[in-house]
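The values are calculated or read from the model by the stated rules, or taken from the named source; none is laboratory data. Note that the structure is predicted; figures quoted are calculated from it, not measured. Counting neighbours? That spans all protein chains shown, and the Cβs are built from the backbone with ideal geometry, glycine included.
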Amino acid sequence: MSSSFVRLRRRVVAFVPFALLAASVSCTEPDKPSDPATDTFAPSLGVNIAQMTKISDALYYQDLVTGTGTAAASGRTVTVNYTGWLVDGTQFDTSVGKTPLTFTLGTGEVIQGWDLGILNMKVGGKRRLVIGSDLGYGAGGNGAIRPNQTIVFDVQLLSVQ
């Protein structure tokens, strides 16, 4: 094998992972907070920002099922099932089929988008939250969630204590 072929192959092999990484990154600029109103969502998520309730520039919600039980309030302990997705439709976490998550609402135990987005939900309800990076994982990201990325959660409120 010629030495020029070996050099070319090394360049191609070195370039391929970079190209794949670049192709997987959304249009969100990593140094700017995300804006759910301008993000493009995978059709499988069923997100239509125009039909959602806006709490802030970084938080929208849609009640998928309206609950009839006790309303979630700050300082109360809530138990939820949830599934989280990236805007491209990739699921990054779920509690479904596992132990539900229990936390005290409004105390910073969860991302701010949850503390604000679950308020006033009633037991038995299911809500879709679209959370911009300012109320999500911010400039640091978290695991599969890149810095300054919008995320989507479906949350089912199981109990309020």
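What do you reckon, is G113 within 21 Å of A42 (Cα to Cα) and touching a Leu at 6+ places or on another chain (Cβ under 6 Å)?
Values: within 21 Å of A42 (Cα to Cα): yes; touching a Leu at 6+ places or on another chain (Cβ under 6 Å): yes.
Here the answer is yes, as G113 does meet what is asked.
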Could you grab me the full set of residues in the range 112-132 that are over 15 Å from N81 (Cα atoms) and among the small types (G, A, S)? G113, G132
Given the criteria in contact (Cβ under 8 Å) with a residue 24 or more places away in the chain and either touching a Lys or Arg at 6+ places or on another chain (Cβ under 6 Å) or surrounded by fewer than 14 Cβ atoms within 10 Å (Cβ to Cβ) (or both), does Q62 qualify? yes
Find all pairs meeting these conditions: Cβ atoms under 6 angstrom apart; at least six residues apart or on different chains; first residue within the range 124-139 and within 15 Å of V110 (Cβ to Cβ) and crowded, with 18+ Cβ neighbours inside 10 Å; second residue among the acidic types (D, E) and modelled with pLDDT of 95 or more. R127/D63
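This table checks each residue for (1) at pLDDT 95 or above; (2) within 25 Å of the chain's Cα centre (by Cα).
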{"residue": "R9", "(1), (2)": "no, no"}
{"residue": "V13", "(1), (2)": "no, no"}
{"residue": "S26", "(1), (2)": "no, yes"}
{"residue": "P30", "(1), (2)": "no, yes"}
{"residue": "S34", "(1), (2)": "yes, yes"}
{"residue": "D39", "(1), (2)": "yes, yes"}
{"residue": "D57", "(1), (2)": "yes, yes"}
{"residue": "Y60", "(1), (2)": "yes, yes"}
{"residue": "D63", "(1), (2)": "yes, yes"}
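Could we say that S44 is part of a helix (DSSP H, G or I), surrounded by fewer than 20 Cβ atoms within 10 Å (Cβ to Cβ), in contact with a Gly (Cβ under 7 Å, 6 or more places away or on another chain) and touching a residue at least 12 places away in the same chain (Cβ under 8 Å) here? I'd like the intermediate steps shown before the answer.
Values: part of a helix (DSSP H, G or I): yes; surrounded by fewer than 20 Cβ atoms within 10 Å (Cβ to Cβ): yes; in contact with a Gly (Cβ under 7 Å, 6 or more places away or on another chain): yes; touching a residue at least 12 places away in the same chain (Cβ under 8 Å): yes.
Yes; evaluated as a whole, the condition is true for this residue.
State the number of residues belonging to the range 47-57 that are in contact with a Gly (Cβ under 9 Å, 6 or more places away or on another chain) and either loosely packed, with under 12 Cβ neighbours inside 10 Å or part of a loop (DSSP other than H, G, I, E, B) (or both). Steps first, please.
Taking the range 47-57 as the starting set, the residues that turn out to be in contact with a Gly (Cβ under 9 Å, 6 or more places away or on another chain) are 55-57.
Filter again for either loosely packed, with under 12 Cβ neighbours inside 10 Å or part of a loop (DSSP other than H, G, I, E, B) (or both), leaving 57.
Count: 1.
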Residue ranges of strands (runs of 3 or more DSSP E) in the range 58-147 with at least 3 members among the β-branched types (V, I, T): 77-86
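When the range 128-159 is examined, which residues are found to be among the charged types (D, E, K, R) and under 23 Å from Q62 (Cβ atoms)? First the steps, then the outcome.
Pass one, the range 128-159, residues among the charged types (D, E, K, R): 128, 134, 146, 154.
Result: R128, D134, D154.
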